[in-house]
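**Q** Mind looking over this structure? Questions follow.
Where a number appears in this text, it was derived from the coordinates with a stated rule and is not lab data. Owing to the predicted nature of the structure, the values given are computational and were not obtained by experimental measurement. Heads up, the Cβs are rebuilt from the backbone with ideal geometry, glycines too, and the neighbour counts pull from every protein chain shown.
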Amino acid sequence: MTAIVQPERGLLEWHLKGRKLLAYTFATNQFKPYVRELCSLAGDNVLRDAPADHLHHHGLMYAIRVNGVNFWEEVNKPGHECHVKLLAHDTGHSPNGLPQASFTELVHWVPHGDHALADTTPFASLVERRTLRLTVDEANEEVMLAWHAEFEVGARTNRVTLHGSDYNGLGIRLPAAWDHVARHENSEETPYPAGGKPGAVPARWGAVSHTVDGRTMQVVLFARPREHAGTNSFFAMTEPFTYLSATQGLDKAPLEYRAGDRFAIDYLVLVYPTARTASQMEARYLAWARELDDKKPTTQR
């Protein structure tokens with residue numbers, strides 16, 4: 001795995017054998033840092049950035065509302081997830097020898113108007129340390145992106161309330177070719193609302209697939225429950241466009257934290273050039289969950 005890191009452009013890319021697998025963008029003129037491109041080993045980019053119908057849909061992104069400030073939609077004085085710096089980045093191999101790359105980024109969540117200041121530390125409602133880790137299993141045609149983020153209440157306030165719509169969380173905007181025809185499923189085999197209408201259901205994982213030229217591509221999103229970090233639900237829609245997001249149920253039960261509190265979220269995005277079965281996904285989820293549970297939790301209240 002090789003990395004291209006261009007801080008002056010706010011861009012990080014990971015390549016394997018000359019093929020770009022991921023592009024992460026964190027320029028200072030953005031509302032939020034996000035994954036702009038994520039590709040399968042067959043070369044399929046499964047993300048769409050800033051389509052005309054929803055300019056605030058940025059590939060793979062995490063956003064919610066904090067103390068009444070909207071960090072998801074980018075209108076009416078929205079909040080800014082300000083990139084502060086890359087704390088670390090590395091390429092190498094996983095413990096079992098698979099190609100792997102990772103980085104950790106410091107992000108300040110600040111209200112509109114404070115984002116352009118030279119030092120956003122005193123104005124941050126949340127301080128986030130975001131770690132993304134990409135691992136490639138060529139034998140199983142699997143590209144896996146782990147999204148881990150640790151949060152603490154920032155210096156701006158002594159208390160924060162996290163809330164939002166039923167789709168706020170870690171969201172994926174799929175390519176235009178997936179619109180109207182993609183197929184959604186989840187770990188509980190719970191039907192989503194009929195007729196392609198949007199809706200969220202409690203689950204451990206959600207998946208979306210699309211068949212082209214006789215080959216069914218698939219994107220799978222895992223979410224691992226963390227203490228004091230909400231309940232996992234998956235929002236899915238195919239009309240008028242295809243979307244999948246892992247949410248914390250903030251539309252039903254907002255979360256409150258005080259100064260000194262910390263919480264963490266963990267997600268895993270899997271990209272396959274050919275689809276896996278539900279039983280294969282469940283076994284994969286359980287293996288990932290065991291790996292996480294073996295690590296020391298960072299959550300505290």
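**Q** Leu11: net charge of surrounding residues, Cβ under 11 Å, Lys/Arg +1, Asp/Glu -1, itself excluded?
**A** Within the 11 Å Cβ shell, the charges total -1.
**Q** Fully extended, how many nm does the chain gain between Thr231 and Ala287 (0.36 nm per residue separation, minus their Cα-Cα distance)? Don't skip to the answer; put the middle values down first.
**A** Details: separation 56, 0.36 × 56 = 20.16 nm, distance 2.02 nm.
Result: 18.1 nm gained on full extension.
**Q** What's the extension gain from His54 to Val181 if we count 0.36 nm per residue and subtract their Cα-Cα distance?
**A** Full extension from His54 to Val181 adds 43.8 nm.
**Q** For a protection proxy built on the mean count of beta-carbon atoms within 10 angstrom, sort 255-261, 49-55 highest first, please.
**A** 255-261, 49-55
**Q** Match the structure shown to one of the listed values [x] 0.94; [y] 0.98; [z] 1.05 of Rg/Rh (Cα atoms, Kirkwood Rh), computed from it, and give that label.
**A** [x]
**Q** Tally Lys/Arg at +1 and Asp/Glu at -1 over every other residue whose Cβ is under 11 Å from the Cβ of His54; what's the total?
**A** Net charge in that neighbourhood comes out at -2.
**Q** Still on this structure, I have one more. I need the calculated FRET efficiency for the pair Thr161 and Ala3, taking r as the beta carbon distance and R₀ as 51 Å, to the nearest 0.05.
**A** Numbers: r = 37 Å, r/R0 = 0.73.
Using R0 = 51 Å, I get an efficiency of 0.85.
**Q** Right, here's the next one. For the cross-link pairs Lys77/Lys252; Lys197/Lys252; Lys85/Lys197; Lys252/Lys295; Lys85/Lys295, which exceed 31 Å when the distance is taken from alpha carbon to alpha carbon?
**A** Lys85/Lys197
**Q** Something else: Assign unit charges at the C-beta atoms only (+1 for Lys and Arg, -1 for Asp and Glu), then state the dipole size of the chain relative to its Cα centre in Debye, rounded to the nearest 20.
**A** 380
**Q** Next question. So if each residue of separation counts as 0.36 nm, and I subtract the Cα-Cα distance between Lys295 and Thr216, what length gain in nm does that give?
**A** Contour length minus Cα-Cα distance gives 25.0 nm.
**Q** Taking the Cβ of Met281 as the center, what net charge do the other residues with Cβ under 13 Å away carry, scoring Lys and Arg +1 and Asp and Glu -1?
**A** Numbers: positive: Arg204, Arg276, Arg284; negative: Glu142, Glu185, Glu188, Glu189, Glu282.
Computed value for this residue: -2.
**Q** Let me ask you something else. Among Pro111, Tyr167, Met61, whose Cα sits farthest toward the positive end of the charge dipole of the chain (+1 at Cβ of Lys/Arg, -1 at Cβ of Asp/Glu, about the Cα centre)?
**A** Towards the positive end, the residue furthest out is Pro111.
**Q** Out of Arg204, Arg19, Arg173, any idea which swings most in a Gaussian network model of the chain, alpha carbons joined below 10 Å?
**A** Top of the fluctuation ranking is Arg19.
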